[in-house]
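Let me begin by presenting the structure, written as structure tokens, before commenting on it.
The values are calculated or read from the model by the stated rules, or taken from the named source; none is laboratory data. Not measured: the values here are computed from a predicted model. A quick note on method: Cβ atoms are made from the backbone with ideal geometry, for glycine too, and the neighbour counts reach across all protein chains shown.
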Amino acid sequence: MTTINTDAFRTLLETVPDGFFVHDESGRFLDVNAQSCADLGYSREELLGLSISDISRGADRAANAKRWADTPAGMAMRFREIAVRKDGSSFPVEISLTCQAIDGRKLFFGLARDVSEGDVALREANDRLSMAARVGGLGIWDYDIANDVLDCDDQWYRIMGRDPAERVRRIAEFREFVHPDDAAEVTEVDLTVARLAAEERDYGMLFRIFRPDGRLRWVRSSARLVEDGAGKPARAVGFVVDVTESRLAEQSLEQRASEDPLTGLANRRRLDDELVKACLHATRTGEPLSLAMIDVDHFKLYNDGEGHVRGDAALKALAGILQSVTRRPYDLAARYGGEEFLLLLPGVDEPEPILQRIAEELGALRIPHPLSPVAPHLTVSCGCVIASELADVAPLDLLAACDRALYQAKQGGRDRVEIARL
């Protein structure tokens, strides 16, 4: 039986006068504190053999399973439920639940508070402990909204890479840590509080910080608002957790999903997406769009004569040239398939200098191609289409026009550029 357990965390949990529990995506209990056992009348061993659906009276197993499957990591939620004791009696509870991704799977950290007596004073006294329990005791912060006073624990400072002896007390001081592109959204207190209060939901945000050594880190912060006696938000109590490694892993997966593994250029999937976007942009703005298809001349003969290892090296060399000529933000070089490549050049009405540069730089490499009937070194043929008006032109139309232009370049003797206008 898997349990979630550290000495510091266990000490914290056993001081919380509410039932703490951890369950997996199926609802199976992985950990509980003593208060959960006392509230429900089970031993710890008995509870670890049960699931949420066994001790609650509300949604059925299928509905619970769907809720947990649909909950994204980092999301916090709060709801009412009816808990069922071992003896069959029941009582109302308020559940605070946070989903976290740990070791590749989703776990749910929860706090069940008996609200049968409506003990408001106890609820307010334990807000900070509740949040700490919900999130596993990571980087806790408590913000006094009216007085702009920030109070953070030592783990928060460790995540930020700061010395706890140099306390951060104001949002303006914290803003200095945050990446400039994220700072406005992360530290805009008044608008955020008003929105969360109006929508009756918790705060959650993923953003970047800079540590004093200059390293960039990704952190996820979640919080909930605590109201004063008049029902107005008075504090925000939350946590931060460093998610840099998982964020980088996600970005790496995203990159691999859109990147050709041999050349590092965009793959066909990304090309298709970017071509649609470029066509929409050109239609909206009236700007021209150039699309070029580039094919290595007699590449099968090159592979037959030089071998596939050198063939791969030649393709990578050409990819490097294509990357060097696509420097603008919206330019794209992609491997279309085999020895064919595509250049997407939004806003370009005169692509010939770019295409000539590709041929010249490839020629300067003098990659031997003894079997080529065109030249003693590697050459390329290029078909390009320039669209000045895309209102009635679809992405597939551009690709088809490119393919026709490339065919004409090959028919014309190869090692040349053929340009067509739509």
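Look at ALA314 and say whether it is surrounded by fewer than 20 Cβ atoms within 10 Å (Cβ to Cβ), assigned by TED's automatic domain parsing to the domain that holds HIS281, of a type outside the set (D, E, K, R) and assigned to a helix (DSSP H, G or I).
On the way: surrounded by fewer than 20 Cβ atoms within 10 Å (Cβ to Cβ): no; assigned by TED's automatic domain parsing to the domain that holds HIS281: yes; of a type outside the set (D, E, K, R): yes; assigned to a helix (DSSP H, G or I): yes.
Criteria not met by ALA314.
Failed condition for GLY338, given (1) more than 19 Å from THR263 (Cα to Cα); (2) out of contact with any Asp or Glu (no Cβ under 7 Å at 6 or more places or on another chain), with all others met?
Looking at each condition in turn, GLY338 falls short on (1).
Do we have any residue at all in the range 304-314 that's within 16 Å of ASP260 (Cα to Cα) and basic (Lys, Arg)?
In the first step, residues of the range 304-314 are kept if they are within 16 Å of ASP260 (Cα to Cα); the result is 311-314.
Imposing the further condition that a residue be basic (Lys, Arg) reduces the set to none.
Within the range 304-314, not a single residue is within 16 Å of ASP260 (Cα to Cα) and basic (Lys, Arg).
If I filter the range 155-166 down to residues being of a type outside the set (A, V, I, L, M, F, W, C) and surrounded by fewer than 13 Cβ atoms within 10 Å (Cβ to Cβ), which single residue comes out as nearest to LEU206 (Cα to Cα)?
Of the range 155-166, the ones of a type outside the set (A, V, I, L, M, F, W, C) are 155, 157-158, 161-164, 166.
Next, only the ones that are surrounded by fewer than 13 Cβ atoms within 10 Å (Cβ to Cβ) stay: 163, 166.
Working: ASP163: 23, GLU166: 25 Å.
Result: ASP163.
Checking GLY383 against (1) part of a helix (DSSP H, G or I); (2) touching a helix residue (DSSP H, G or I) at 6+ places or on another chain (Cβ under 7 Å): exactly one of these is not met. Which one?
(1)
Being more than 18 Å from MET77 (Cα to Cα), in a loop (DSSP other than H, G, I, E, B) and not charged (D, E, K, R) is true for just one of ALA230, ALA183. Which residue is that? Explain how you work it out, then say what you get.
On the way: ALA183 fails: in a loop (DSSP other than H, G, I, E, B).
Matching residue, one of ALA230, ALA183: ALA230.
Do you know which of the residues in the range 378-422 that are among the acidic types (Asp, Glu) and more than 37 Å from the chain's Cα centre (by Cα) is surrounded by the most Cβ atoms within 10 Å (Cβ to Cβ)?
From the range 378-422, those among the acidic types (Asp, Glu) are 389, 392, 397, 403, 415, 418; that's our starting set.
Right, trim to more than 37 Å from the chain's Cα centre (by Cα) and you get 415, 418.
Values: ASP415: 19, GLU418: 22.
Only one residue fits best here, namely GLU418.
Among residues belonging to the range 135-171 that are modelled with pLDDT under 80 and among the hydrophobic types (A, V, I, L, M, F, W, C), point out the one that is nearest to GLY231 (Cα to Cα). Lay out the reasoning, then the answer.
Within the range 135-171, the subset modelled with pLDDT under 80 is 135-138.
With among the hydrophobic types (A, V, I, L, M, F, W, C) added as a condition, the list becomes 135, 138.
On the way: VAL135: 25, LEU138: 28 Å.
Filtering the range 135-171 for residues that are modelled with pLDDT under 80 and among the hydrophobic types (A, V, I, L, M, F, W, C), the one nearest to GLY231 (Cα to Cα) comes out as VAL135.
Yes/no matrix, rows are residues, columns are (1) surrounded by fewer than 12 Cβ atoms within 10 Å (Cβ to Cβ); (2) within 28 Å of GLU389 (Cα to Cα); (3) under 31 Å from the mean Cα position of the chain (by Cα):
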| residue | (1), (2), (3) |
| --- | --- |
| GLU306 | no, no, no |
| ARG310 | no, no, no |
| ALA319 | no, no, yes |
| PRO351 | no, yes, no |
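Provide a single number: the residues in the range 343-374 that are in a loop (DSSP other than H, G, I, E, B) and free of Cβ contacts under 8 Å to residues at least 60 places away in the same chain. If you could, list the steps in order and put the result at the bottom.
First, pick out the residues of the range 343-374 that are in a loop (DSSP other than H, G, I, E, B): 347-351, 366-367, 369-374.
When the remaining residues are screened for being free of Cβ contacts under 8 Å to residues at least 60 places away in the same chain, the result is 350, 366-367.
So the count comes out to 3.
Please count how many residues of the range 317-342 are part of a strand (DSSP E or B) and not small (Gly, Ala, Ser). Give the derivation first.
At the first step, the residues of the range 317-342 found to be part of a strand (DSSP E or B) are 332-337, 340-342.
Next, only the ones that are not small (Gly, Ala, Ser) stay: 332, 335-336, 340-342.
Residues flagged as part of a strand (DSSP E or B) and not small (Gly, Ala, Ser) within the range 317-342 amount to 6.
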